[in-house]
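Below: one structure, written as structure tokens.
The values are calculated or read from the model by the stated rules, or taken from the named source; none is laboratory data. Just so it is clear, the model here is predicted, and its values are computed rather than measured. Backbone-built Cβ (ideal geometry, glycine too); neighbour counts: all protein chains shown. Heavy atoms of the whole protein, side chains included, go into the accessibility calculation; ligands, DNA and RNA do not. Shrake-Rupley method; radii C 1.70, N 1.55, O 1.52, S 1.80 Å.
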Amino acid sequence: MSTIAIHPIHRAVRFYEAPIGKKAVMAITGVMLVGYVFAHLLGNLQIYSSDAEQINRYAGFLHNPANAAALWAARSVLLLAVALHIIAATQLWLQNRAARPIGYVKKADLPASYAARTMIWSGPIVGAFVIFHVLHLTAGKVLELRELGPNMPDVRYNVITGFSNPWISGFYILAMILLCLHLYHGMWSMFQSLGISHPRYTPLVKKAAAVLAIAVAVGNCSIPIAVLTGLLTY
Ligand code: HEM
């Protein structure tokens, strides 16, 4: 009996075509994006440093021309992860919809949590937030950005003046709440989707996901709230 050797690329394509392949891509890219969100939160929290210049020094380090190659490499990896996450999510949604007989399952029969049901629109809204946010604090297309010198954004001033506008702060806070729901559901359901579930550990994974998602939302929301309440001034 002869066996036909399958080329590794064909095998990868076949794996991706199945729902589990797309879920694996979503999980890997999701972990990368969560990593960025945490690292970014730690960067943002430097705004509370007793040394007012701390966050600007950090931004100056990131924008230093000597670090340009590393910055663009990180940005490219991040963009690729975002693109793959969105493509896999859209294909999975279309595949699930096509496989589901119309009217077979009533909405009320689905044991889905609020966070699970909101995934399909919390994702696009968080995506829209990121576009607005980059236009706001990186590209300076919403408000004019101040610089302390070449490649040295005055991040402290730019963030505080931006958040002095209640509409901008309100939008950030709303986006952070949706990001929290998206992260919570994404982080724990990733294990279920990949078939890693256990009656003893799944509740712990859910709790850990909730703690991490809430920490991101509270940490980030605290900044516009501190500006609006006058606790953080320039
Ligand atoms: C209150 C919350 C946040 C604050 C104060 C904040 C602050 C900033 C600032 C100041 C920059 C420009 C940095 C620079 O020019 O060096 C930036 C860039 C960015 N932020 Fe945020 N951010 C927040 C939340 C988020 C969240 C939740 C995400 C993702 C979901 C995010 C994604 C990004 C991205 C993708 C960039 C562009 C990075 C780059 O240009 O390389 N931010 N943020």
Segment residue 68-residue 31, extension gain: residue separation times 0.36 nm, minus the distance between their alpha carbons: 10.9 nm
Given a Förster distance of 30 Å, report the FRET efficiency between residue 125 and residue 57 from their Cβ-Cβ distance, rounded to the nearest 0.05. 0.35
³J(HN,Hα) across region 133-147 via Karplus (A = 6.51, B = -1.76, C = 1.60, θ = phi - 60°), whole Hz, x for Gly/Pro? 4, 5, 5, 6, 9, 10, 8, x, 8, 9, 10, 5, 8, 9, 10
Other-chain or far-sequence residues with amide H under 5 Å of residue 49's (modelled H): none
Let me check the size of region 125-212 from its C-alpha atoms; what are the radius of gyration and Dmax in Å? 18.2, 56
222 nm [θ] for the chain, helices only, -39500 (n - 2.57) per DSSP H run of 4+, per residue, to 500? -24000 deg cm²/dmol
Rolling a 1.4 angstrom probe over the protein chains, ignoring ligands and nucleic acids, what is the accessible area of residue 228 in square angstrom, nearest 10? 90
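Looking at region 6-85 from every direction and averaging, what is the projected area of its Cα convex hull in nm²?
Working: hull surface 27.5 nm².
Averaged projected hull area, Cα only: 6.9 nm².
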For residue 202 and residue 13 in the same chain, what is the full-extension length gain: residue separation times 0.36 nm, less their Cα-Cα distance, in nm? 65.0 nm
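Enter the accessible area per residue of the chain (Å², integer; probe 1.4 Å; all protein chains in place). Working shown, then result.
Details: 14990 Å² over 234 residues.
I get 64 Å² per residue for the chain.
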Between region 71-97 and region 123-139, the alpha-carbon center distance in angstrom: 15
Which cross-chain or sequence-distant (5 or more) residues have an amide H under 5 Å from the amide H of residue 148, H modelled 1.01 Å from N in plane? 154
Expressed in nanometres to one decimal, the distance between label points 7 Å along Cα→Cβ at residue 6 and residue 42 is 4.0
Return the sequence-ordered ³J(HN,Hα) values of region 191-206 in whole Hz as given by the Karplus equation 6.51 cos²θ - 1.76 cosθ + 1.60 applied to θ = phi - 60°, using x for Gly and Pro. 5, 5, 4, 8, x, 9, 9, 8, x, 7, 8, 4, x, 5, 4, 4
Using a 1.4 Å probe on the protein chains only, how many percent of the accessible area of region 8-228 belongs to carbon and sulfur? 71
Go ahead and run the numbers for FRET between residue 218 and residue 90, Cβ-Cβ distance against an R0 of 41 Å, rounding to 0.05. 0.85
The answer for the per residue Cα convex hull volume of the chain, in Å³, is 186
